[in-house]
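Trainee: The structure that follows is given in the form of structure tokens.
The values are calculated or read from the model by the stated rules, or taken from the named source; none is laboratory data. None of these values were measured; they are calculated from a predicted model. Here the Cβ is made from the backbone with ideal geometry for all residues, glycine too, and neighbour counts use every protein chain on show.
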């Protein structure tokens, strides 16, 4: 068990190249196993950081939208055209980052880019699922030029809240 000091803070790092065997082969839908029993039972604010590899066929209209399922009820709601609001696993959007000629990757830099997520308690389900969709929130993400999202590292930073 890890040793924690107040306030309770920790990071979970997920690498798309090291996802569970339960995952699809598609980078846009990965499942990771995580043992929550080492984490103190508290309420947490979560900030998402993301660094992707090169998506060489990036088109300026590409807009990857990230959804994260912890197996627990999130504190995010989505407005809808039919029922008005529903619980959503929406975590945020990725933005393109240029780092050389024709070198584009998708990133999210935490608090400066997306809203924080909140969990009222530590999940008990041992899987974390990350899905990336197009801007319609339904179609699995591919660049408009047709390729899947490149491999990535996603870091979720948890901080205790009162």
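Trainee: Every residue in the range 21-42 that is modelled with pLDDT of 90 or more and exposed (fewer than 15 other Cβ atoms within 10 Å of the Cβ), please.
Mentor: Listed by number, the residues that qualify are 33, 35.
Trainee: While we're looking at this one, here's another question. Tell me whether the range 135-149 contains one or more residues that are part of a strand (DSSP E or B), touching a residue at least 40 places away in the same chain (Cβ under 8 Å) and under 13 Å from the mean Cα position of the chain (by Cα).
Mentor: Scanning the range 135-149, I find no residue that is part of a strand (DSSP E or B), touching a residue at least 40 places away in the same chain (Cβ under 8 Å) and under 13 Å from the mean Cα position of the chain (by Cα), so the answer is no.
Trainee: If residue 157 meets every condition in (1) within 17 Å of residue 26 (Cβ to Cβ); (2) within 14 Å of the chain's Cα centre (by Cα) apart from one, which number is that one?
Mentor: Answer for residue 157: the failing condition is (1).
Trainee: What number goes with the only condition from (1) under 16 Å from the mean Cα position of the chain (by Cα); (2) not in a strand (DSSP E or B) that residue 131 does not pass?
Mentor: (2)
Trainee: Among the residues that make up the range 74-89, is at least one of them under 11 Å from the mean Cα position of the chain (by Cα), within 15 Å of residue 29 (Cα to Cα) and part of a loop (DSSP other than H, G, I, E, B)?
Mentor: yes
Trainee: Sticking with this one: Return yes when residue 60 is surrounded by fewer than 14 Cβ atoms within 10 Å (Cβ to Cβ) and touching a strand residue (DSSP E or B) at 6+ places or on another chain (Cβ under 9 Å) and no when it is not.
Mentor: Taking the combined requirement at face value, the residue satisfies it.
Trainee: Identify, by number, the condition in (1) buried (at least 18 other Cβ atoms within 10 Å of the Cβ); (2) farther than 17 Å from residue 30 by Cβ that residue 130 doesn't meet.
Mentor: It fails just one condition, (2).
Trainee: Please give the number of the condition residue 55 fails out of (1) at pLDDT 75 or above; (2) outside any strand (DSSP E or B); (3) surrounded by 16 or more Cβ atoms within 10 Å (Cβ to Cβ); (4) under 17 Å from the mean Cα position of the chain (by Cα).
Mentor: (4)
Trainee: Let me ask another. Search the range 97-114 for residues being in a strand (DSSP E or B) and touching a residue at least 40 places away in the same chain (Cβ under 8 Å), and hand back the single one that is farthest from residue 127 (Cα to Cα).
Mentor: The qualifying residue farthest from residue 127 (Cα to Cα) is 104.
Trainee: Would you confirm whether any residue within the range 30-47 is touching a helix residue (DSSP H, G or I) at 6+ places or on another chain (Cβ under 6 Å), farther than 23 Å from residue 147 by Cβ and assigned to a strand (DSSP E or B)?
Mentor: yes
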